[in-house]
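Remarks on the structure that follows.
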Amino acid sequence: MTDAQHASNGWRLDWPTSSGSRVASARIKSLPGDFFVDEDLSMPDDSGGGGEHLCLRLEKVGDNTDYVARQLANICGCRHFDVGFCGLKDRHAVTRQWFSLYRPGQEDDDATFIQAVEEHWPVLAQYRQARKLRRGDHQGNRFELVLKDVVGDTSAIDAALARLRDLGCPNYFGSQRFGHGGANLDRALNMDPTTLNRRSGRNVKKRGRGRSTSGSRDSKNVLYFSAARSWLFNEVLAHRVETGTWLEPLEGEPGACENQNLMVTGPLWGDGGTEAVSVQGEIERSVVAEHPQLAAVFSTTRMKPERRPLSLKPEGLEWHWDGNDQLRLSFRLAPGQYATTLLDDVFDITDATTFIGENCANSVVQ
């Protein structure tokens, strides 16, 4: 990928694979239908019970999640904040995704509203519930992908995919999270971290219904902050991959004493750094200490350190060949995992949409 090289500012945007090298090259997203994503959000048992939030399952092509959310708000006549969703989905793809809209007392008008929505996107299902959809509410995402112009030994590719199916791969954040050439990381170094402490809305001047004068800036700072902690996680994971310990628990893994089957994790940096101690804590702090400017972003925030699994193991990974240079794959991933991360462990991937003269920063699936 274009961003899979070290940028001129020094950010690493390509991390070591599970086997040490990729065995083939391929092209993705030659057509939107080559990248199909279906969000798995189980409808509640009491989906007929009603509530103030109307949930719609839409199919979209060529539209990113935030754009659809804003258009739904316009159609509904509600605030953008009143539209909920579980995660960002790829723009250059066919995606099926749930959105919730705050429409209290408007049940009788739902059918008319849905007709207006269907002028833009097919509505596949609907129900009402008591609360807004939020990030991570879904159970996962199902993918059906077509890789074209595949170059490599088919037996080696089959063996690598079988290894992915059985062992998984490093659970890196996708390079698209960091912006073109790591631009979001550059911005993280220059942002005001104290704005992240104003999540409660105290001491922020309001303008209109529920809007703050600093809302846009705060939202961008959250994006840059998230990119910074994601990049540090990738660096720690890369060290574990290079030392062959990314699948092994180390002394100091948080919660290991209480749960011997605990998943091996890495740090999502926060106030105080990491929750790991002993050997694992020393490794994580040592890796982050190599990037003092980025680590300093967290020194004035109140963001609690969190953990993320080091390995990504797809569910139900299957594949078959269409000739010698086209490969079809299907699998399921948990929320927050990247299909591109899975592919990057085996293939040197070229994203066909990078040749389109536009910003493809929304090529994310959560």
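The values are calculated or read from the model by the stated rules, or taken from the named source; none is laboratory data. Quick caveat, the model's predicted, so the values are computed rather than measured. No Cβ is skipped: glycine too gets one built from the backbone with ideal geometry, and neighbour counts run over all protein chains shown. Surface accessibility is based on the protein's heavy atoms, side chains included, excluding ligands, DNA and RNA. Shrake-Rupley method; radii C 1.70, N 1.55, O 1.52, S 1.80 Å.
For the range 107-125, which residues satisfy the criterion of being in contact (Cβ under 8 Å) with a residue 40 or more places away in the chain and closer than 20 Å to ARG70 by Cβ? Walk me through it before giving the result.
From the range 107-125, those in contact (Cβ under 8 Å) with a residue 40 or more places away in the chain are 107, 110, 113-114, 116-117, 120-125; that's our starting set.
Answer for the range 107-125, where residues must be in contact (Cβ under 8 Å) with a residue 40 or more places away in the chain and closer than 20 Å to ARG70 by Cβ: PHE113, ILE114, ALA116, VAL117, HIS120, TRP121, PRO122, VAL123.
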| remark: For the range 283-315 the number of residues that are open to solvent by less than 60 Å² (accessible area, probe 1.4 Å) and closer than 17 Å to GLY140 by Cα is 5
| note | Picked from the range 247-298 (must be in contact with a Lys or Arg (Cβ under 7 Å, 6 or more places away or on another chain), more than 20 Å from ALA188 (Cα to Cα) and assigned to a loop (DSSP other than H, G, I, E, B)), the residue modelled with the highest pLDDT is GLU275
| message | Any residue that is open to solvent by 50 Å² or more (accessible area, probe 1.4 Å), assigned to a loop (DSSP other than H, G, I, E, B) and among the hydrophobic types (A, V, I, L, M, F, W, C) - is there at least one of those in the range 331-344? | response | no
| request: Answer yes or no: is there a residue in the range 94-103 that is under 28 Å from GLY50 (Cα atoms), surrounded by fewer than 17 Cβ atoms within 10 Å (Cβ to Cβ) and touching a Lys or Arg at 6+ places or on another chain (Cβ under 6 Å). | output: no
